[in-house]
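As C-alpha cells, the structure follows; a few thoughts come after it.
The values are calculated or read from the model by the stated rules, or taken from the named source; none is laboratory data. Bear in mind that the values here come from a model prediction, so they are computed numbers and not experimental data. Please note: Cβ atoms are built from the backbone with ideal geometry, for glycine as well, and neighbour counts cover all protein chains shown. Ligands, DNA and RNA are excluded from the accessible area calculation, which covers all protein heavy atoms including side chains. Shrake-Rupley method; radii C 1.70, N 1.55, O 1.52, S 1.80 Å.
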Amino acid sequence: MKKLIIVESPHKAKTIQKYLGQDYVVMASSGHICDLPQKTLGIDVEHRFQPQYEINQDKKDIIKKLKAAVKQYPDVYLATDPDREGEAISWHLKNVLEIPDGKNRATFNEITGKAVTKALQEPREIDMNLVNAQQARRVLDRLVGYKISPILSNKIKANSSAGRVQSAALEMIVKREREIRDFKPEEYWNIFAFLLKDAQADVRKNVIKASFADIDGQKCRLTCKEEADAVLDKVSRAAFAVDEAKKSLFKAKPQPPFTTSTMQQDASHKLNMSAPQTMQVAQQLYEGVEIEGEGVHALVTYIRTDSVRISPEMQGYTLKYIREKFGEEYAPKKPNFYKTKSDAQDAHEAIRPISLERTPESLQNKINRNQYRLYKLIYERYLASQMTEAVYNTLSVHIRAEADDNKAYGFKVNGKAVRFPGYTVIYNTVQENEEDDQTGVLPDLAEGDKLTLKELKSEQKFTKPPSRYTDASLIKALEENGIGRPSTYASIISVLDKRAYTQKENKAIAPTPLGEAICDYMVEHFPEIMDLQFTAKMEGALDMIETEGMEWQRVIESFYPKLIKRVAEAGRFGNKVKMEEQESDVVCEKCGAKMVVRDGKYGKFLACPNFPKCRNIKPINQPVAKCPKCGKDVYKRTSRTGKVFYGCSGFPDCDFLSWDLPAPYLCPECGSVMKVSKLKTGVKYTCVNKNCNHSELVKQ
C-alpha cells in the first residue's frame with residue numbers, strides 16, 4: 001500500500017513526489033492549519049497561558065482532503081521543515097488529523113531522493129521541545145501585540161501595532177537616524193605626493209602615490225586649509241627618500257559558507273535584493289525550481305540556519321571536486337572548519353548547493369534571473385569556503401620628506417600583489433583593500449631610494465555620520481545583538497515597512513514620523529520591550545526551551561506581570577500623541593483650505609483639515625496610466641492585505657481593476673487587459689490572458 005507524506009508547501013510536495021515516485025502520495029498543508037484566533041486573545045491566562053488554537057478558516061477544505069488521505073493511507077509521515085515552525089505544523093497536523101502516537105516525523109536538510117528516503121527510514125517522534133519553543137514565541141508575541149497595540153491605536157494612530165521584536169528593531173533604526181541628525185561634521189585634509197623613483201622613466205607607469213601620515217614620526221591630522229597649505233609649502237621644497245620598506249606575505253582566509261543572516265547581507269550588497277525577496281527566492285531554490293528541459297529540482301540545502309557547519313561527507317566530496325577541477329594546490333590538506341557563534345542553534349548545516357556538478361553556468365537561462373543570481377552567490381561562497389588561502393606579497397613603505405624647517409614629513413605607500421590566488425580564483429578578483437592600497441601593484445622601492453616629486457595634491461574632506469541601516473546592516477546588527485533568529489529577520493523588516501514605521505530611500509531604511517512617535521511612546525511606557533538586552537535574553541530563553549526542555553510557561557510567567565503593569569500605567573497616564581500633519585499645495589475645492597497628508601489603513605491620502613465639517617478626501621498619488629475601459633486616470637492602490645493593484649478613478653461608474661500596470665487600451669485580439677513591462681528600448685504590452693499570445697513593443 002502507498003504511504004502518505006505531508007509537507008507544508010505544495011511546491012515542496014511536487015519536488016518530493018518526483019523524487020519518490022508512485023510508492024508514496026505527497027500532500028501539502030499549505031502552512032499552519034491552526035493558530036490563535038484573530039479577534040480574541042486566545043490565551044487562557046488563568047491556566048498558565050494555555051493557547052486556545054483554532055483551525056484556520058481557509059484550511060478547512062485542505063484538512064478534509066488530508067483526513068480522507070489518512071484513512072486511505074494509514075502509514076503517514078509528517079515531513080514539514082526541520083525547525084520550530086515546521087515542528088509545530090507537524091504537531092498540529094498530528095492532533096487535527098488524529099494520527100496515532102509514534103515515530104512518524106521525518107526531517108531532512110536537503111530535498112533530494114537520497115536525503116528524503118533516508119529520513120523516511122529513520123523517522124522519530126515529534127520533538128515537543130521544539131514545539132514548546134514555538135508555542136512560547138507565539139504566546140509572547142500575541143500578549144505583546146494584543147495588550148499594547150490598542151493603546152498605541154488610541155494614543156497615537158488608529159491601527160497601530162507593537163511587536164516584541166519589531167519594536168526593538170524600530171528603536172535601533174530611530175536611534176541611528178537621530179545620531180545622523182545630531183552629527184556635526186568635522187573638517188580634515190588629505191595630502192598626496194606623486195613621486196618618481198627614476199625621473200627619466202615612463203611617467204604613466206612609474207608614478208607612486210604616497211599619502212601624508214606624520215610629522216617627525218608623530219601621526220598628524222590636518223583639520224583646516226591653513227594647516228594643509230603649510231604642509232604643502234614645506235613639502236614642495238623637500239627632498240624625498242625611502243626610510244623604511246617592509247616586505248611580507250599576507251594570507252587571506254576564505255569566508256565561511258552562508259548562514260541565513262550572511263546570505264541576506266551579501267544578497268543585499270551584491271544583488272540589490274531585499275531581505276524578504278532573498279528569502280522568497282532562497283525558499284524556491286530549497287523547495288525546487290523548474291529547470292528548463294529537466295523539470296523540478298531542489299538546488300540548495302535548508303535556508304534557515306545560523307550554523308557554518310558542513311557535513312564530513314559533503315566536505316570530502318567537495319575537496320575531491322576542487323582537486324579535479326582546480327588542482328591539488330587549491331584544496332587544503334585538512335578540511336576548513338569554521339566556528340559557529342556561541343549562541344547559534346547549530347541544528348542544520350550552512351546553506352550550500354546540493355550538488356557541485358550543478359554549476360551556475362549549467363543553469364544560466366534555465367531558471368529565472370533572481371534564482372540564478374542567488375544560486376550563483378550561494379554556490380561560489382560555499383566552494384570558496386572550502387579552498388586554500390589566497391597569498392599576497394605586500395610592501396609597506398614609509399617615505400621621509402626632509403624640509404627646510406628641520407622637520408621630517410612622513411608619507412606612506414602600501415602595495416599588494418597576488419602571489420597565489422587560492423579561493424579568489426572562484427571570484428576572479430582580489431580581496432577588498434584599504435583605500436590607499438595600490439592593489440595589484442608592488443612598487444619597486446627599498447630603503448635609501450631617492451625619489452623625485454612630480455606633483456602634490458590636497459583634498460578637503462569631512463567626517464561622515466553613521467550610515468542609515470540597510471537590510472544588510474540591520475540584519476547584521478540584529479544578529480550581533482541577539483534580536484530575532486534566522487527565520488525572523490526578513491519578516492521584521494517587512495512588518496516595519498508594511499506598518500509605515502519605516503520607509504526605503506534607495507537601500508537605506510529611514511524611520512517615518514509615525515515610526516518615531518511609536519518608538520518614543522514605547523521607550524517611555526514599555527522600556528523592557530525596547531531594551532535590546534532584555535529582548536536578547538528572551539530569545540535565549542526560547543533557545544533553552546528548545547535545547548534543554550525548560551518549561552515554556554516559565555518564560556511567560558517571568559514577563560507577563562511586568563507587561564500588565566506597564567499596560568495599566570500607559571492606559572491611565574499616557575498622554576495622547578498629536579502627529580504633525582504635512583500641508584500640501586492642493587486646495588480643497590469644497591471649502592478652499594489647503595489639504596493635508598494623512599495616513600490611512602491603505603496608505604497616505606489627502607484630506608481636508610476642516611474635518612468633520614468638510615469630509616473631502618483625495619488620493620495622494622499621481623495617476624500612473626489611463627483606464628483602458630473609460631479613459632480616466634488609473635491610480636496605484638493597496639489592498640487590505642497589502643497587495644498593490646491598479647484601479648480606475650472613475651469607480652464606481654467604471655469597475656476597472658488590475659493587478660498589473662495596464663496598457664492604455666485593451667488587447668485587440670481578445671479584449672483582455674494588457675500589462676506593461678519596461679524594457680531598455682521602450683515598453684512592452686502583453687495580454688494577461690494565458691490563452692492569448694498577443695504582445696506589442698512600444699518604442700520610446
Set of aspartates and glutamates with alpha-carbon distance to Lys334 below 17 Å, sequence-local pairs under 8 removed:
Glu313, Glu324, Glu389
For each pair in Lys18/Lys366; Lys504/Lys629; Lys175/Lys225, compute the distance between the two Cα atoms and list the pairs where it is over 29 Å.
Lys504/Lys629; Lys175/Lys225
Tell me the accessible surface of His694 in square angstrom (1.4 angstrom probe, heavy atoms of protein chains only), to the nearest ten.
40 Å²
Can you give the helix-only mean residue ellipticity at 222 nm for the chain, where every DSSP H stretch with n ≥ 4 adds -39500 (n - 2.57) and the sum goes over all residues, rounded to the nearest 500 deg cm²/dmol?
-11000 deg cm²/dmol
J(HN,Hα) series, the range 133-150, from Karplus relation 6.51 cos²θ - 1.76 cosθ + 1.60, nearest Hz, glycine and proline x
5, 5, 4, 4, 4, 5, 5, 4, 5, 5, 4, 5, x, 6, 7, 8, 4, x
Please list the non-local residues whose amide H lies under 5 Å from the amide H of Val698, H modeled 1.01 Å from N, same-chain partners needing a gap of 5 or more.
Val683, Lys684, Tyr685
Just one of [x] 3, 14, 23, 24, 19, 12, 4, 1, 0; [y] 3, 11, 17, 20, 20, 15, 9, 4, 1, 0; [z] 3, 15, 25, 27, 19, 8, 2, 0 is P(r) over Cα pairs in 10 Å bins from 0, in percent calculated from these coordinates, so which is it?
[y]
Taking alpha-carbon centroids only, the range 298-323 lies from the range 208-222 a number of Å equal to 47 Å
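Can you tell me what share of the DSSP beta bridges in the chain is antiparallel? A percent to the nearest 5 is fine.
Values: 97 of 109 bridges.
Bridges in the chain are about 90 percent antiparallel.
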Cα axis of helix 260-271 to longest principal axis of the chain: angle in degrees, 0 to 90, nearest 10?
60 degrees
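Suppose R0 equals 60 Å. What FRET efficiency, 1/(1 + (r/R0)^6) with r the Cβ-Cβ distance, do Ser248 and Asp653 give to the nearest 0.05? Kindly include the intermediate steps, with their values, before the conclusion.
Working: r = 78 Å, r/R0 = 1.30.
According to the calculation, E is roughly 0.15.
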Given 9-18, 498-507, the highest-first ranking by average Cβ count within 10 Å works out to 9-18, 498-507
Karplus couplings for the range 573-586 from phi (6.51 cos²θ - 1.76 cosθ + 1.60, θ = phi - 60°), rounded to Hz, Gly and Pro as x?
10, x, 7, 6, 8, 8, 7, 5, 9, 7, 7, 9, 8, 7
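Considering only protein heavy atoms and a 1.4 Å probe, what is the carbon-and-sulfur percentage of the accessible area of the chain?
Details: 17670 of 36680 Å².
Carbon with sulfur: 48 percent of the solvent-accessible area.
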By how many degrees, 0 to 90 and rounded to 10, does the Cα axis of helix 369-385 deviate from the longest principal axis of the chain?
60 degrees
Tilt, helix 513-525 to longest principal axis of the chain (alpha-carbon atoms), in degrees rounded to tens, equals 80 degrees
How do 65-75, 479-489, 548-558 rank on mean C-beta neighbours within 10 Å, highest first?
479-489, 548-558, 65-75
Quotient of C-alpha Rg and 2.2 N^0.38 Å, computed over the range 506-640
1.60
What list of ³J(HN,Hα) couplings, whole Hz, do you get for the range 400-415 from phi and the Karplus terms 6.51, -1.76, 1.60, once you set θ to phi - 60° and write x for glycine and proline?
10, 10, 7, 9, 7, 9, 6, 10, 9, 9, x, 10, 10, 9, 10, x
Which pairs break 20 Å Cα to Cα here: Lys537/Lys562; Lys155/Lys618; Lys209/Lys251?
Lys155/Lys618; Lys209/Lys251
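Heavy-atom accessible area per residue, the chain, 1.4 Å probe: how many Å²?
On the way: 36680 Å² over 700 residues.
Here the per-residue accessible area is 52 Å².
When ranked by the protection proxy of mean other Cβ atoms within 10 Å per residue, highest first, what sequence do the peptides 107-114, 654-661 form? Intermediate results must be reported in sequence, preceding the final value.
Values: 107-114: 18.6, 654-661: 15.9.
The densest-packed peptide leads the list: 107-114, 654-661.
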Please figure out what share of the DSSP beta bridges in the range 1-140 is antiparallel and state it in percent, rounded to the nearest 5.
35 percent
